[in-house]
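Participant: My structure is below; once you've seen it, I'll send some questions.
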Amino acid sequence: MASSSSTSTTKLGRKHHVFLSFRGEDTRVGFTSHLNAALERKNILTFIDDDLKRGDEISDSLVKAIEGSKLSVIIFSQLYASSKWCLDELVKILESRKLRGQIVIPIFYQVDPSDVRKQSGSFEEAFAELVQSKALGMEEERCYRAALKEAANISGHDSRKFGSESKFVEKIVKEIFNKLCKMFPIHTMNLVGTDKRIREIESLLKMGLEMHDLLQAMACSIVSKESENPRKRSRLVDPEDIYRVLKKRKGTKAVKGICLDMPESMDMQLKSDAFAGMRCLEFLIIKGNRSKVQLPRRGLDYISKQLIYFRWDGYPSRSLPQKFCAENLVEFDFSWQQA
């Protein structure tokens, strides 16, 4: 089910991103543990209830955990509907979805979504067991049936469509990661698997964020020798070169990094597709006067999904491209974002 106890992934007083609701008897030591471990590897904080002793009513702390989550994952399994605890979690999760805009992702683990929606098949048996054992009243039964139907109508993932459970877990984690990143579009989020990625960044950022003038001149000299044509260089650091490439939308997949320290004398009005050709861009740094680089009202249409490091002082838009994928991103710094 969902989450936190003395052995939970995240303590109650600590911030978490994802609430996992599951039937422990079905999936605790199998699928749910694999999903939770995969989320942990992405540095996504989960709230997972490992308390094996439960009463009929979910605790206040569990309710607060649901309300405090950005996203809830409901793992529907064969016996999910036989647990009043699970169904109370489900009702509270859907309430948070309505009142707080919480994202909800249903997972249908070895069950047919239609059976969950209609309480038919194996789900009918599990739910009938609950109705009898807990002597549910008509109103309580109606409430649970409505919640199951509502949740099953939300777009989710069906394990039966995947031959490999590891691939199934991977797809779910990727969706969760991308949805969380889009929920924090303008603020730094300690994203994922940092140690390895930071080493990659260090190797890429040869010139550094606060490079000395001499080092910057050396870096400019080195990259300029790669090609006379700036759009064919691996790194762009000269403001005039960057201006020409972005203004004329001439970027190519050869460009791996851009480090622009905006001069006071320069203004740059970019089009929405300024970065469209740079599909291998791994780091993007634009620093300096926040009003010097402007975008259309709709913002950017595209940013490379290969980005590892992304800093833009005074980012002049309220959102990132709709299809932006932050899977490889380690650091995301828009601390000077414009209002």
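The values are calculated or read from the model by the stated rules, or taken from the named source; none is laboratory data. These figures come from a predicted structure and were not determined experimentally. When we count neighbours, we look across all protein chains shown, and the Cβ atoms used for this are built from the backbone with ideal geometry, even at glycine. Quick note on the areas: whole protein, heavy atoms, side chains included, nothing else; ligands and nucleic acids left out. Shrake-Rupley method; radii C 1.70, N 1.55, O 1.52, S 1.80 Å.
Participant: Local charge sum around residue 301 (other residues, Cβ-Cβ under 12 Å, Lys/Arg +1, Asp/Glu -1)?
Facilitator: +3
Participant: Here's another thing I want to ask about it. How much of residue 60 can a 1.4 Å solvent probe reach, expressed as accessible area in Å² and rounded to 10?
Facilitator: That residue has around 120 Å² of solvent-accessible surface.
Participant: Over the alpha-carbon set of the range 228-339, work out the extent along each principal axis and list the three values in angstrom, largest first.
Facilitator: 39, 36, 22
Participant: So if each residue of separation counts as 0.36 nm, and I subtract the Cα-Cα distance between residue 98 and residue 323, what length gain in nm does that give?
Facilitator: Taking residue 98 through residue 323 to full extension adds about 78.5 nm, to one decimal.
Participant: Quick one: net charge of residue 124's neighbours, Cβ under 12 Å, K/R +1, D/E -1?
Facilitator: -1
Participant: Identify the GluC sites (Glu not before Pro) of the range 250-339 meeting these criteria: DSSP loop state and at most 16 other C-beta atoms within 10 Å of the C-beta.
Facilitator: 264, 327
Participant: Right, something else. Among the trypsin sites (Lys or Arg not before Pro) within the range 85-148, which fall in a DSSP loop and have no more than 16 other Cβ atoms within 10 Å of their own Cβ?
Facilitator: 134
Participant: Another question about this same structure. Amide H to amide H under 5 Å from residue 236: which residues, 5+ apart in sequence or cross-chain, H placed 1.01 Å off N in plane?
Facilitator: 257, 258, 259
Participant: Quantify, in whole percent, the carbon and sulfur part of the accessible surface of the range 25-127 (1.4 Å probe; protein heavy atoms only).
Facilitator: Roughly 47 percent, rounded to a whole number.
Participant: Residue 295 accessible area, nearest 10 Å², 1.4 Å probe?
Facilitator: 20
Participant: Next up: Order 73, 131, most accessible first, counting only protein heavy atoms with a 1.4 angstrom probe.
Facilitator: Descending order: 131, 73.
Participant: Using the heavy atoms of the protein chains alone and a 1.4 angstrom probe, what is the accessible area of the range 256-319 per residue in square angstrom?
Facilitator: On a per-residue basis, 41 Å².
Participant: Also, quick follow-up: Around residue 71, with a cut-off of 12 angstrom between Cβ atoms, what is the net charge of the other residues, counting Lys and Arg +1 and Asp and Glu -1?
Facilitator: +4
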